[in-house]
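A short write-up of the structure that comes next.
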Amino acid sequence: MKKTTLTGLSMMAVLFLAGCGPTPKSAAVTIFDEGLRYCESTCPYDGGILIANFGSTQLDPLNTEGRGYVVFYKDGASEVLIPADGNLSGPRGMYLRGSHLFICDVNKIVVYNLAAKDEAPRVIELPEGEAFVNDLAADGNDLYASVTNTGHIFRLDITDPAQAGTPELWLSVPGPNGLAIRDGAMYVASYSPDGEAKSEHVVYRIGDLQNPVAEPFVAVPGQYDGIAFSSDGKSLYVTNWAPAGLSRIDMQTRTVEPVALTLDQPLVGPADMTVSDGTLYVPDLPNSRVVIFAE
């Protein structure tokens with residue numbers, strides 16, 4: 001793996017968690033940016049994380065340039081795991097089942113077999129008009145995919161991840177973006193595709209996946225993007241573009257607390273984050289970097 005340079009890895013920022021008592025907790029923050037180009041999502045992998053990048057000439061989530069790629073980052077070192085092979089243009093949410101990596105990409109899901117990377121990936125097309133496939137989450141052998149522009153969530157069978165089933169419309173939710181599932185319930189971060197957060201763009205909970213009904217879990221409107229559970233499951237982290245930042249939701253009280261970051265360059269577009277082994281990895285899409293810190 002290629003070691004990062006000092007220009008690509010800064011350890012000087014400090015994080016302050018708001019709302020934790022009179023003396024906020026603090027932890028060192030790592031900024032990783034080497035080799036990244038419009039990174040939208042992260043996913044745990046082999047003790048580190050995968051980082052999906054558009055690689056496009058300009059920030060365009062619906063681009064068709066075919067320059068998307070995936071970087072593997074671990075312990076301060078990085079390498080390109082999936083190069084820009086023409087199959088990815090705007091890679092977003094990822095999900096790993098065995099050796100098969102599912103990646104949302106504009107109007108399709110691209111599936112790579114990481115155990116046989118020379119194989120051509122399988123492409124799962126979504127119906128016409130489903131142009132902003134955004135995130136993935138699974139419950140057992142059911143994989144769910146959000147589509148922000150149509151407000152649809154699809155479900156597909158991944159009993160055999162090498163031959164995943166056809167996506168079927170499962171539920172409609174306003175602007176579904178990030179997805180997270182725990183204890184049989186799904187949480188949905190809502191994002192307005194026109195850029196203007198409205199009253200319906202909140203954090204939703206779907207308590208019964210077999211009889212799905214979306215109900216507001218946190219009713220504060222925003223441009224919510226990434227969503228992930230804390231390591232202990234007692235909190236839910238969400239990223240927001242309006243205003244740009246990161247918040248923590250108490251699962252019992254539903255209290256929302258901002259996570260205040262002291263950074264030389266503030267967050268602009270925090271996207272599809274990951275919590276892994278007590279560490280948060282928050283991609284800042286327009287800034288082409290990942291902000292890393294311990295819970």
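If you take every residue apart from LEU236 with its C-beta less than 10 Å away from the C-beta of LEU236, what net charge results, scoring Lys and Arg +1 and Asp and Glu -1?
That sum, taken over residues with Cβ under 10 Å, equals +4.
Among MET273, MET94, MET251, determine the one that fluctuates most according to a GNM of the chain built with springs between C-alpha atoms less than 10 Å apart.
In the Gaussian network model the winner is MET251.
What shape does the stretch 132-175 take by its C-alpha gyration tensor, where a ≥ b ≥ c are the square roots of the eigenvalues and a/c under 1.5 counts as rounded, a/b above b/c as prolate, and the rest as oblate?
Since a/c reaches 1.5 and a/b is larger than b/c, the shape of the stretch 132-175 is classed as prolate.
Which aspartates and glutamates have a Cα less than 13 Å from the Cα of LYS234, not counting those fewer than 8 places away in the same chain?
Partners found: ASP183, ASP250, GLU295.
Tell me which GluC sites (Glu not before Pro) from the stretch 61-155 have a DSSP coil assignment and no more than 14 other beta carbons within 10 Å of their own.
GLU119, GLU128
Mind listing the long-range amide H neighbours of ASN134? Cut-off is under 5 Å, sequence gap 5 or more, other chains count too, H placed in the peptide plane at 1.01 Å from N.
Here the answer is SER146, VAL147, THR148, since their amide H atoms fall under 5 Å of that of ASN134.
What are the ³J(HN,Hα) values, in whole Hz, obtained from phi via the Karplus relation 6.51 cos²θ - 1.76 cosθ + 1.60 with θ = phi - 60°, for each residue of the stretch 142-149 in sequence order, with x given for Gly and Pro?
Karplus-based 3J(HN,Hα) across the stretch 142-149 equals 9, 9, 10, 10, 8, 10, 5, 5 Hz.
Karplus couplings for the stretch 108-123 from phi (6.51 cos²θ - 1.76 cosθ + 1.60, θ = phi - 60°), rounded to Hz, Gly and Pro as x?
Values per residue, Gly and Pro as x: 8, 10, 9, 10, 9, 9, 6, 7, 8, 5, 6, 5, 5, x, 8, 10 Hz.
Taking the Cα centre of the chain as origin and charging only Cβ (+1 Lys, Arg; -1 Asp, Glu), how large is the dipole, in debye to the nearest 20?
The dipole magnitude comes to about 580 debye.
List the residues whose amide H sits under 5 Å from the amide H of SER230, counting only those 5 or more places along or on another chain, with H placed 1.01 Å from N in the peptide plane.
Amide H to amide H, under 5 Å and 5 or more residues apart or across chains, SER230 pairs with SER235, LEU236, TYR237.
When only C-alpha pairs under 8 Å and at least 6 residues apart count, what is the relative contact order of the chain, in percent?
Relative contact order of the chain: 15 percent.
None of the figures in this text is laboratory data; all of them are computed from the coordinates on show. Bear in mind the structure is a predicted one, so any value in this text is a computation, not a measurement. Every residue, glycine among them, receives a Cβ derived from its backbone with ideal geometry; neighbour counts consider all protein chains shown.
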